[in-house]
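Below is one structure, written out as structure tokens, with a few remarks after it.
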Amino acid sequence: MVTKQRGRPRSFDRDTALEKAMRAFWEHGYEATSVSDLTREMGIGAPSLYAAFGDKRTLFEEVVRVYGTTHGAGPDRALAEEPTARGAIERLLREAADAFTDPALPHGCLVIHAATNCTTPEVEQALRERRSGTVAAIADRLRQGAAAGELPEGTDTAALARCFAAVFQGMSQQARDGASRADLEAVAALAMAVWPGIEPMYSGARGEGRTLE
């Protein structure tokens, strides 16, 4: 007796399809990428997309998680692996110049670019939390550096973290606008010039610091 086969075997590689979806969202943003765009790029039909990944938003959530452990993992590695806070921030920006202009990938950062013109509140909020998480991670690394004596007493590490995060985010947009790796490396080098020295003391965003005598 022939047993009826349950369901249809998947005829595509899930990881490959997910990578293609990532590139579509990365290139065009969340809102501008339609389900038809995704099925065309992934080479699958809409029923297969829904069966394997759920709806567009669920697929995007998975894409962002995978991005954070692959193409977008550089900042976390830099902050965790470098022995000094300055080295960590310098590496973060230097590697961003390289990653954001990689000719084999869409330019810029997916988490930053995907939020452009996003009108889906849940997606917008999730991306904002991701970006805020990067600012918090930079601030935490700077606080560690301050505790180790790498920064002047009284350094406003929260303001400094936002400064470097703003440079990182701006580099992403510059890459989207055609800036080269060399252009962004120059930006990274200039950004490091704001690193507080022991004298004079970094005054922070509110001018609350003082100059050492």
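Equivalent ellipsoid of segment 76-124: semi-axes from √(5λ) of the C-alpha gyration tensor, largest first, are 26, 15, 7 Å. Across segment 61-67, coupling constants 3J(HN,Hα) worked out from phi with the 6.51/-1.76/1.60 Karplus curve, θ = phi - 60°, read 4, 5, 4, 5, 5, 5, 4 Hz, and Gly and Pro carry x.
The 3J(HN,Hα) values that the Karplus relation (6.51, -1.76, 1.60; θ = phi - 60°) gives for segment 139-156 are, in residue order, 4, 5, 5, 5, 5, 4, x, 4, 5, 8, x, 7, 10, x, 4, x, 4, 7 Hz. Gly and Pro appear as x. Accessible surface for the chain, divided over its residues, is 56 Å² per residue with a 1.4 Å probe. Here's how it looks for Asp156: its modeled amide H is under 5 Å from those of Gly204, which are all 5 or more places away or on a different chain. Taking only the Cα atoms of the chain, the radius of gyration and Dmax are 21.2, 94 Å.
The values are calculated or read from the model by the stated rules, or taken from the named source; none is laboratory data. Note that the structure is predicted; figures quoted are calculated from it, not measured. Heads up: the accessible areas ignore ligands, DNA and RNA and are worked out on the full protein's heavy atoms, side chains in. Shrake-Rupley method; radii C 1.70, N 1.55, O 1.52, S 1.80 Å.
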